[in-house]
1. Which whole-number value in Å² is the accessible area per residue of the chain, probe 1.4 Å?
2. How long are the three semi-axes of the equivalent ellipsoid for the range 100-203, computed from the Cα gyration tensor as the root of 5 times each eigenvalue, in whole Å, largest first?
3. Note down the relative contact order for the range 100-203 as a percent, whole number, built from C-alpha pairs under 8 angstrom at least six residues apart.
4. Excluding ARG197 itself, what net charge comes from residues whose Cβ is under 13 Å from its Cβ, given Lys and Arg +1 and Asp and Glu -1?
5. Taking a cut-off of 19 Å, what percent of all Cα-Cα pairs in the range 21-87 are separated by more than that?
6. For the chain, what does the helix formula give at 222 nm: sum of -39500 (n - 2.57) over DSSP H segments with n ≥ 4, over the residue count, nearest 500 deg cm²/dmol?
7. Within the range 101-150, count lysine pairs with alpha carbon atoms under 18 angstrom apart where the residues are 8 or more positions apart or belong to different chains.
8. Which ³J(HN,Hα) values, rounded to whole Hz and listed in residue order, are derived for the range 92-98 from phi using the Karplus coefficients 6.51, -1.76 and 1.60 in 6.51 cos²θ - 1.76 cosθ + 1.60 with θ = phi - 60°, glycine and proline given as x?
Amino acid sequence: MAHELPPLPYDYSALEPFIDAQTMKLHHDGHHAAYVKNLNTALEKHPKLQSQGAEELLRDLNSVPEDVRTAVRNNAGGHVNHTMFWKIMKPKGGGDPHGPIADAIKKVFGNFNDFKTKFNDAGAKQFGSGWVWVAGKSGGELQIITTPNQDNPLAQGLFPVFGNDVWEHAYYLKYNNRRPEYLAAWWNLVNWEEINRRYETFKSGKLEPALAAH
Ligand code: MN3
């Protein structure tokens, strides 16, 4: 079955004023749609891979034939990353974390403000395009990491609990080159319920957040 572009779970304008409607439309209908299309095109050459989930492909890129490996890495990565990204944001989100993720942040990073500073700093320092993540070995300890381009932590054997997109296309229309302002504003959108769901899956020792099931 072909991979499909999931609909945005809210209107393009729902995340205003922190992310503008035009950016959301371009990002979802343009960029994310292209990742899905290009992934399906790459897999046409290898029909056996078409039954695998995008997360499963990323967890074992070495078993993907070399002629499409880079295309799968970039486009399955882009698809998985953005499918998460839309869901871990919501209108009127943000605020202090609650539930198990709040406890985990406190345990690993001391307090929420220090954690946010470290996360934003890592995102600001990621050179060029990429993502900043909270990830870890399934069932293990959380850490902040960055990845270039559309690389997903799954390809390093890590479970992506949540992450922020620091590609210019995610913020440039509103914030221009001011990535730190975007990183700071983004916390007003965070959907802690969805992040808690992903964190519970991580804690249970499952290897992937199960894109297909949601
Ligand atoms: Mn993006």
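The values are calculated or read from the model by the stated rules, or taken from the named source; none is laboratory data. Predicted, not measured: the structure shown is a model, and the values here were computed from it. Here the Cβ is made from the backbone with ideal geometry for all residues, glycine too, and neighbour counts use every protein chain on show. Just so you know, the surface numbers come from the protein's heavy atoms only, side chains and all, with ligands and any DNA or RNA stripped out. Shrake-Rupley method; radii C 1.70, N 1.55, O 1.52, S 1.80 Å.
1. Values: 10070 Å² over 214 residues.
Heavy-atom accessible area per residue stands at 47 Å².
2. Numbers: eigenvalues 100, 49, 28 Å².
Taking √(5λ) for each eigenvalue gives 22, 16, 12 Å, largest first.
3. Details: 141 pairs, mean separation 28.2, N = 104.
That works out to 27 percent.
4. Details: positive: LYS87, LYS90, ARG198, LYS203, LYS206; negative: GLU193, GLU194, GLU200.
So the surrounding residues net to +2.
5. Working: 638 of 2211 pairs.
Tail fraction, whole percent: 29.
6. Working: 9 runs with 94 residues, N = 214.
The helix-only estimate for the chain comes to -13000 deg cm²/dmol at 222 nm.
7. On the way: LYS106/LYS116; LYS106/LYS118; LYS107/LYS116; LYS107/LYS118; LYS107/LYS137; LYS116/LYS125.
For the range 101-150, the number of qualifying lysine pairs is 6.
8. Running phi through 6.51 cos²θ - 1.76 cosθ + 1.60 with θ = phi - 60° gives 6, x, x, x, 5, x, 9 Hz.
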